[in-house]
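Trainee: Starting off with a structure, shown below.
The values are calculated or read from the model by the stated rules, or taken from the named source; none is laboratory data. The model shown is predicted, which means the values in this text are computed figures rather than measured ones. Neighbour counts run over all protein chains shown; Cβ positions are idealised from the backbone, glycine included. Side chains included, ligands, DNA and RNA excluded: accessible areas come from the protein's heavy atoms. Shrake-Rupley method; radii C 1.70, N 1.55, O 1.52, S 1.80 Å.
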Amino acid sequence: MTCFRDKEKPEEVRQTNIEAAKAVADAVRTSLGPRGLDKMITAPDGNVTISNDGATILDKMSVLHPAAKMLVELSHAQDVEAGDGTTSVVVLAGSLLSAAQRLLRLGIHSTIISESFQNAAAAAVNVLKNMSINVDLNDRATLIKSAITSLSSKVVAQYSNLFAPIAVEAVLRAKSSLNVDLKNIRIVKKVGGTVEDTELVNGLVLNQGVRHLGSIPTKVEKAKVGLIQFCLSAPKTDIDNQVLVSDYAAMDRVFQEERLYILNLCKQIKKSGCNVLLVQKSILRDAVNDLSLHILSKMKVMVITDIERDEVEFICKTLGCKPVANPSSFTSDKLGSAELVEEIAGGSFTKFSDVPNPGNTCSILMRASNKLVLEEAERSLHDALCVIRCLVKENALIAGGGAPEIQISVELRDKAQSMIGMDGYCFQAFAEAMEIIPLTLAENAGLNPISVVTELRNRHHKGEINAGINVKKGTVKNITEDNVLQPLLVSTCAVNLAAETVCSILKIDDVLFTR
């Protein structure tokens, strides 16, 4: 009896893993496409997130089953590699698991299914490459079309004509050789105004406002910007030490020394020609005090404090300044420049405009009426930036609207007919699983999924490789005419990553727990 149970256990474990992973895929399936629905996620602390971005939904979901967590990691991997298609890759993995489940019931071994699925994924990538269209990075109109396609399924889809040009311009500015480091694109979020107030700044935007004391200026033209990492306040003793002052004369001498020390620091700053001073946040003592601010206000120097350590590199790249840790080293050659520095929106942030040589950096100022819209707008813009980055990595586009998946399905079905043995069954199952994307797009748009997918198959059999679903009009047509385009890299990553994850789940035959 024990032997019988041991033989059954691997199959039970495999089925449990598949069901758990499919449950995750089903949870995000209704969010796919321009007509996909949004999810409201409530955190234990009461914070609410509204999104239809697959990576965001899965990241915030509380997933306990180990196999289900693999699909969460799959979505994250797609987000890192391509930046878009995070919902599609999970839905595709769920469909492939259903196909594998049917094959297992036919008695086909999991190892054979895994190998066949990997071969089918490689064949699918070749199909995608054959139907791709090369794109010139100087053709901004085409780049904007692909960004709009990415944004069309987001909560802020109505602002896609605003976000798409911003995303294209930002990525092209941050581009270096054949890659784009998105850390060179700084997104600053501020509640207030509307989404339409979002803008690409030719320079820098800081979350910190100007310190107000006395006559410190809030607007400076022809700015010379310095960044200091030392404190404009009197030195303090170590924690274990104390200074005892016995009389008023000694106390007065201490105060005079403090004033003289701070005055010399401020004179050194002014001597260099600096008229905008950025001060890095200090945890040991006050970075500035009222006396130093008073002296700098008399010298007409704008002061911005609480600059975070992780902001220093980006600020230096953009403004051309150098961080100074020693007061004696603060000279004119360490300064950056900007045509205009001004405080915006009542002191909530500071804007550096018309920077002469911003390097491969740029800043995007995002506005919205509330926090929920602002966060979703940032996620949507991030996806659009990633789509353009994909085109920089691999200059190729393919049609959207379910056209690539149907083309893969048609060609793999034909290939399966010529194969012998169990591989043919596996290729056939892989081809059927690919149809989940157009099927879901049609379902979420309120169309008849069976008739839509049947018509798509018919069109692709006739050679119309770009035939896809226009979910807004509810028709099947050449989707490139409606400018529904997506990067080749997004689809190839989705197919490869989904196949790898499914193969990993199929190869698990037991779950062990450590002590």
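Trainee: Taking 0.36 nm per intervening residue step and subtracting the Cα-Cα distance, what contour gain separates residue 250 from residue 37 on full extension?
Mentor: On the way: separation 213, 0.36 × 213 = 76.68 nm, distance 7.21 nm.
Length gained between residue 250 and residue 37: 69.5 nm.
Trainee: Below 8 Å between Cα atoms, with a sequence gap of 6+, how large is the relative contact order for the chain in percent?
Mentor: Numbers: 976 pairs, mean separation 135.2, N = 515.
It rounds to 26 percent for the chain.
Trainee: May I ask for the angle, rounded to the nearest 10°, between helix 140-151 and the longest principal axis of the chain, with both axes built from Cα atoms and the value confined to 0 to 90°?
Mentor: 80
Trainee: Right, another one. List, largest first, the extents of the alpha carbons of region 240-392 along their principal axes, each in whole Å.
Mentor: 71, 36, 32
Trainee: Calculate how steeply helix 422-434 sits against the longest principal axis of the alpha-carbon atoms of the chain, using the helix alpha-carbon long axis, and give the answer as 0 to 90 degrees to the nearest 10.
Mentor: 50
Trainee: What is the distance, in nm, between label points placed 7 Å from the Cα along the Cα-to-Cβ direction at residue 119 and at residue 213?
Mentor: 7.5
Trainee: A follow-up question, please. Relative to the present Cα-Cα distance, how much length would full extension add between residue 26 and residue 348 at 0.36 nm per residue of separation? Mind showing how you got there, number by number?
Mentor: Working: separation 322, 0.36 × 322 = 115.92 nm, distance 4.23 nm.
Residue separation times 0.36 nm, minus the Cα-Cα distance, leaves 111.7 nm.
Trainee: Percent relative contact order of region 402-509, based on C-alpha pairs within less than 8 angstrom and at least six residues apart?
Mentor: Working: 104 pairs, mean separation 24.6, N = 108.
Dividing the mean separation by the residue count of region 402-509 yields 23 percent.
Trainee: If you don't mind, another one. Against the empirical 2.2 N^0.38 Å scaling, what ratio does the C-alpha Rg of region 193-288 come to? Don't skip to the answer; put the middle values down first.
Mentor: Numbers: Rg = 18.6 Å, N = 96, 2.2 N^0.38 = 12.5 Å.
Compared with the compact-globule rule of thumb, region 193-288 sits at 1.50.
Trainee: Helix 403-417 sits at what angle to the longest principal axis of the chain, using alpha carbons and giving 0 to 90 degrees rounded to 10?
Mentor: Between the helix axis and the principal axis of the chain, the angle is about 40 degrees.
Trainee: At 7 Å along Cα-to-Cβ for each site, give me the label-to-label distance between residue 420 and residue 393 in nm.
Mentor: Result for the modelled spin labels: 4.1 nm.
Trainee: Okay, next question. Please work out how much length the chain gains when fully extended from residue 298 to residue 325, using 0.36 nm per residue of separation minus the C-alpha to C-alpha distance, in nm with one decimal. All intermediate terms of the calculation are to be shown ahead of the outcome.
Mentor: Working: separation 27, 0.36 × 27 = 9.72 nm, distance 2.38 nm.
Difference between extended and current length: 7.3 nm.
Trainee: Could you rank the peptides 200-211, 366-377, 503-514, 33-44 by their average count of other C-beta atoms within 10 Å per residue, with the highest value first? Walk me through the numbers on the way to the answer.
Mentor: Values: 200-211: 19.6, 366-377: 18.0, 503-514: 12.9, 33-44: 15.3.
So the order, starting with the most tightly packed, is 200-211, 366-377, 33-44, 503-514.
Trainee: Could you give the nm distance between label points at residue 339 and residue 271, where each point is 7 Å from its Cα heading toward the beta carbon?
Mentor: Each label point lies 7 Å from its Cα, and together they span 3.3 nm.
Trainee: Moving on to the next point. What number, rounded to the nearest 500 deg cm²/dmol, is the helix-based mean residue ellipticity at 222 nm of the chain, given -39500 (n - 2.57) per DSSP H run of at least four residues and division by all its residues? The partial results should precede the final answer.
Mentor: Details: 16 runs with 252 residues, N = 515.
Calculated mean residue ellipticity at 222 nm is -16000 deg cm²/dmol.
Trainee: Let me ask something else about it. Determine ³J(HN,Hα), in whole Hz, for all residues of region 455-470 in sequence, where each value follows from phi through the Karplus function 6.51 cos²θ - 1.76 cosθ + 1.60 and θ = phi - 60°; x replaces Gly and Pro.
Mentor: Taking θ as phi minus 60°, the curve returns 5, 4, 4, 4, 4, 6, 5, 7, x, 7, 6, 9, 6, x, 9, 8 Hz for region 455-470.
Trainee: Another question, if that's okay. Take the residue pairs 219/298; 183/270; 281/317; 393/477; 393/472 and return only those whose Cα atoms are more than 27 Å apart.
Mentor: Numbers: 219/298 15 Å; 183/270 32 Å; 281/317 19 Å; 393/477 29 Å; 393/472 30 Å.
Beyond 27 Å: 183/270; 393/477; 393/472.
Trainee: So the label point goes 7 Å from the Cα of residue 11 along Cα→C-beta, right? Which residues of region 86-125 then have their backbone N under 14 Å from it?
Mentor: Within reach of a label on residue 11: 101-110.
Trainee: Per residue, how much accessible surface does the chain expose to a 1.4 Å probe? Answer in Å², no decimals.
Mentor: Working: 24170 Å² over 515 residues.
With all protein chains present, the chain gives 47 Å² per residue.
Trainee: Another one. Nearest 20 debye, what's the magnitude of the dipole of region 347-418 about its Cα centre given +1 on Lys and Arg Cβ and -1 on Asp and Glu Cβ?
Mentor: 160
Trainee: Per residue Cα convex hull volume for the chain, in cubic angstrom? Walk me through the numbers on the way to the answer.
Mentor: Details: hull volume 100.0 nm³, N = 515.
Here the figure is 194 Å³ per residue.
Trainee: Rounded to the nearest 20 debye, what is the charge dipole size of the chain about its Cα centre when +1 sits on each Lys and Arg Cβ and -1 on each Asp and Glu Cβ? Each step should come with its number before you reach the end.
Mentor: Working: 56 positive and 60 negative charges, 173 e Å.
With only Lys, Arg, Asp and Glu charged at Cβ, the dipole is about 840 debye.
Trainee: Choose one of 437, 505, 452: the residue whose Cα lies farthest towards the positive end of the charge dipole of region 429-515 (beta-carbon charges +1 Lys, Arg; -1 Asp, Glu; about the Cα centre).
Mentor: Farthest along the dipole direction, towards plus: 452.
Trainee: On to the next question. Please say if region 158-233 is rounded, prolate or oblate, where rounded means a/c under 1.5 for a ≥ b ≥ c the square roots of the C-alpha gyration tensor eigenvalues, and otherwise the choice is prolate for a/b larger than b/c and oblate otherwise?
Mentor: Values: a/c = 2.66, a/b = 1.56, b/c = 1.71.
The shape class here is oblate.
Trainee: Name the residues whose placed amide hydrogens come within less than 5 Å of the amide hydrogen of residue 477, ignoring near sequence neighbours (fewer than 5 apart) on the same chain.
Mentor: Under 5 Å from the amide H of residue 477: 468, 470.
Trainee: Can I ask one more? How many percent of Cα pairs in region 1-147 exceed 28 Å?
Mentor: 35
Trainee: Right, something else. Using the charge dipole of region 57-207 (Lys, Arg: +1 at Cβ; Asp, Glu: -1 at Cβ; taken about the Cα centre), state which of 64, 167, 141 has its Cα farthest towards the positive end.
Mentor: After comparing all options, I get 64.
Trainee: So if I place +1 on the C-beta of Lys and Arg and -1 on the C-beta of Asp and Glu, and nothing else carries charge, what would the dipole magnitude of region 276-344 be about its Cα centre? I want it in debye, nearest 20. Each step should come with its number before you reach the end.
Mentor: Numbers: 8 positive and 11 negative charges, 64 e Å.
Charge dipole of region 276-344: 300 debye, to the nearest 20.
Trainee: Then there is this: Compute the projected area of the convex hull of the Cα atoms of region 393-467, averaged over all viewing directions, and report it in nm² to one decimal place. Intermediate values should be presented prior to the final figure.
Mentor: Details: hull surface 24.3 nm².
Spelled out: convex hull of the Cα atoms, projected over all directions, averaged, 6.1 nm².
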